[in-house]
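Notes for the one structure printed next.
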Amino acid sequence: MLKDLFGKKRKFATVPSETLARVPASTDASKEAGTKEKEVPEGLMNKCPHCGTIHYSKDLEKNLRVCKGCQFHYSMSAPERLQSLLDEGVLTEEFDANLIASNPLGFPDYLEKLEQDMANTNLNEAIITGEGLLGGNRIVIGVMDSRFRMASMGSVVGEKITRAIEQAIERRLPFILFSASGGARMQEGVLSLMQMAKTSAALSRLDRERLLFVSVMTNPTYGGVSASFSSLGDYNIAEPGAMIGFAGRRVIEQTIRQELPKDFQTAEFLLKNGQLDMVVHRKDMRQTLSKLVEMHTSREGVEIWQANSPLKSH
Amino acid sequence: MAGELPFEKPLVELQDKIKELRRFTEEKGIDFSDEVKRLEQKAKELAEQIYGNLTPWQRVQLARHPERPTTLDYIQLLFTDFIEVHGDRLYGDDHSIVGGIAKLDGRPVTVIGHQKGKDTKDNIKRNFGMAHPEGYRKALRIMQQADKFGRPIICFINTSGAYPGKAAEERGQSEAIARNLREMATFRVPIICIVIGEGGSGGALAISVGNRIYMLENSYYSVIAPESAAAILWRDSSLGMRAAESMKITAPDLLALGVIDGIIDEPFGGAHRDLIAQATAVKTVIAEQLEQLGRLSPDELIQDRYEKFKRIGEYASL
């Protein structure tokens, strides 16, 4: 249990020392935790969970939250992501910010947990959607935020993504979605499962309208999110080291009773197995996406080809 | 009674006792008929009490019953001229999903379903009804063909979930499921889905994007197997019963949540007690719904499916 507590913590960007201090001295984790407590002053600094490099939080933010030592990509909040990508750093229009989850199954403690996450993140749900400018081109974009219920997909996330896709169709704009999610939201049960079908059906319309969809998978992208819109990009991109899969590693190990390779379900593993188009470093993300959008929206280019196409006369 | 479930035990014991008394009457010539009558009445009441008030967990057990009718059972009873087809043309043939063409009352349809085994050997061949990516890709190929030739698609859902294995991940389990969800939304033919046993998460959904979705009375449909939900929520997979009770996974729950279109009654004690009656009830629903959907144009069918899923979900506005 305590080990789990410790493991969980490593996913977060900052290492608040007060939480570490709560680990009793008698556990295995305490030694490591104790050292960390000494090394990393609260909020000011971060220790990379992979290589141990210590960063000033400010430096880390300047470096797009990528470790200078080992290039480990820390999680980004949705506002941070938008800031790092869009012209002006913000959306020109946000969609459906007022949608909030209800408790359709009457699940105990669910509303309290939602309220907590709302207070901690200043968000109403686990995704921000809207229109923005990328390299001068208009796009519709959605960014999931793993600080909110592990960005699990419930009714609101499914609905916001679906509406964003419908907006992309109406405005005839490319759609870019940054995934980061533990999967379907347990507390909304089968309604969460159905959001997979809803969002995918919306993407079939985008597809029919011949509009661009770029899916960017960030750490982690699992379960029902991985098995729906995230895998359906015209281009499927991932950040280095992002963990992506359908079933979790532990579940698979328990099922097949073998140890899995070290790189199992990493972005690089998926690339090797033909599941991704490319793995893109965060510092190159903006440029890569801008280029992709530009190549699909430059009507001039398309028309030139159409004018010269031998098919056109038929 | 073979394959009895724990909650059926009192009833089985009572029925055994009645049998014993009858035998005693025959062998020893002592008249126990009054006692037998009394016990039979009691057995009837007990059966009503047990099967009339099934808990979600008991329904899950019935949905997983080893003798529960499978997709191939229904195909055999509902259709004629079934021709099974094989393979995804990419990697292999997944026996945990079966499919092909058949005739329903003389008209061609495409049928697909998860297939669980009838015994241990068959179950190993069928991977206990848990598909790999090639299973979903086979299903997609068969559905695309149905779309091409204008045949309605009937899907039977019965899986505890997609197989959580190494090879499945390597070959793109997520992509295979996701693609089915997107493509099923585009087909210009009616799609009817019937959950006949377990409706386990993405593995079930991958062949369930239908214009109509029906569930058998004692089937379940869930975002995750109850045991796995318990493992995630409370870190204890033995709390599957608690998860089943709180996650709203039974047919009446899904009807109330607006996910399914109707419930197909089961014979007293479960589908396996009377396969013919069950198959007849399923066929009636399929025939009725095909009749209705047959009036829609291809574009209306696509629109109908889109709106069906667009409506699902509950949220509020600030």
> What shape does chain B have by the C-alpha gyration tensor, where a ≥ b ≥ c are the square roots of the eigenvalues, rounded means a/c under 1.5, and otherwise prolate means a/b greater than b/c and oblate the rest?
Replying inline: prolate
> Residues with beta-carbon under 15 Å from that of residue A:215, excluding residue A:215: net charge, scoring Lys, Arg +1 and Asp, Glu -1?
Replying inline: -2
>> Can you give me the C-alpha center-to-center distance between segment A:58-99 and segment B:69-93, rounded to a whole angstrom?
In response: 49 Å
>> Just checking the output field for A:240-252: average partner chain Cβ neighbours within 10 Å of each residue's Cβ?
In response: 4
> In peptide B:220-229, what is the residue-averaged number of other protein chain Cβ atoms found within 10 Å of each Cβ?
Replying inline: 4
> With no solvent and one point per C-alpha, what does the Debye sum give as log10 I(q)/I(0) for segment B:6-53 at q = 0.17, 0.21 Å⁻¹?
Replying inline: -0.50, -0.68
> Which shape class applies to the protein assembly as shown: rounded if a/c is under 1.5, otherwise prolate when a/b exceeds b/c and oblate if not, where a ≥ b ≥ c are the square roots of the Cα gyration tensor eigenvalues?
Replying inline: oblate
> Of B:82, A:148, which has the most accessible area and how do the rest follow, probe 1.4 Å?
Replying inline: B:82, A:148
> Where does the charge balance sit around residue A:62 when Lys and Arg score +1, Asp and Glu -1, over other residues with C-beta under 14 Å from its C-beta?
Replying inline: +2
> If you add up the charges near residue B:90, with Lys and Arg at +1 and Asp and Glu at -1, over every other residue whose beta carbon is less than 10 angstrom from its beta carbon, what do you get?
Replying inline: +3
> Does anyone have the angle between helix B:298-311 and the longest principal axis of chain B? Alpha-carbon axes, 0 to 90°, nearest 10?
Replying inline: 60 degrees
>> Can you give me the angle between helix B:33-52 and the longest principal axis of chain B, using Cα atoms only, in degrees from 0 to 90, rounded to the nearest 10?
In response: 30 degrees
>> Using helices alone, I'd like the mean residue ellipticity at 222 nm for chain B: each DSSP H run of four-plus residues gives -39500 (n - 2.57), total over residue count, nearest 500.
In response: -15000 deg cm²/dmol
>> Just checking the output field for A:222-233: average partner chain Cβ neighbours within 10 Å of each residue's Cβ?
In response: 6
> How far is helix B:173-184 tilted off the main Cα axis of chain B, in degrees rounded to 10, range 0 to 90?
Replying inline: 80 degrees
> If one computes the Cα centroid of segment A:255-277 and of segment B:12-67, what distance in Å separates the two points?
Replying inline: 53 Å
>> Beyond a 31 Å Cα-Cα separation, which of these cross-linked pairs lie in this structure: B:166/B:308; B:103/B:138; A:272/B:310?
In response: B:166/B:308; A:272/B:310
> Relative to the Cα centre, what is the charge dipole magnitude of segment A:124-249, using +1 at the beta carbon of each Lys and Arg, -1 at the beta carbon of each Asp and Glu, and rounding to the nearest 20 debye?
Replying inline: 60 debye
>> Given axes a ≥ b ≥ c from the Cα gyration tensor, I'd like to know whether segment B:1-122 is rounded (a/c under 1.5), prolate (a/b larger than b/c) or oblate.
In response: prolate
> How many nm separate the modelled label positions at residue B:144 and residue A:284, each set 7 Å beyond the Cα in the direction of the Cβ?
Replying inline: 3.2 nm
>> I want the antiparallel fraction of DSSP beta bridges within segment B:60-311, as a percent rounded to 5.
In response: 40 percent
> If one takes the accessible area of chain A alone plus chain B alone and subtracts that of the pair, with a 1.4 Å probe, what total in Å², rounded to the nearest 100, results?
Replying inline: 4700 Å²
> Considering only A:77, A:116, A:66, whose Cα is most displaced toward the positive end of the charge dipole of segment A:46-152, charges sitting on Cβ of Lys, Arg (+1) and Asp, Glu (-1)?
Replying inline: A:66
> In whole percent, how big is the carbon plus sulfur part of the accessible area of the protein assembly as shown, probe 1.4 Å, protein atoms only?
Replying inline: 50 percent
> To the nearest 20 debye, what charge dipole does segment B:60-311 have about its Cα centre, counting +1 at the Cβ of each Lys and Arg and -1 at the Cβ of each Asp and Glu?
Replying inline: 460 debye
> How high is the relative contact order of chain B, given as a whole-number percent (alpha carbon pairs under 8 Å, six or more residues apart)?
Replying inline: 14 percent
>> Placing unit charges on C-beta atoms (Lys and Arg positive, Asp and Glu negative, everything else neutral), compute the dipole magnitude of segment A:76-307 about its Cα centre in debye, rounded to 20.
In response: 520 debye
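The values are calculated or read from the model by the stated rules, or taken from the named source; none is laboratory data. The shown structure was predicted, so the numbers you read here are calculated from the model rather than taken from an experiment. Glycine also receives a Cβ, built like all others from the backbone with ideal geometry; neighbour counts cover every protein chain displayed. Areas reflect the complete protein model, heavy atoms only, side chains present, ligands, DNA and RNA absent. Shrake-Rupley method; radii C 1.70, N 1.55, O 1.52, S 1.80 Å.
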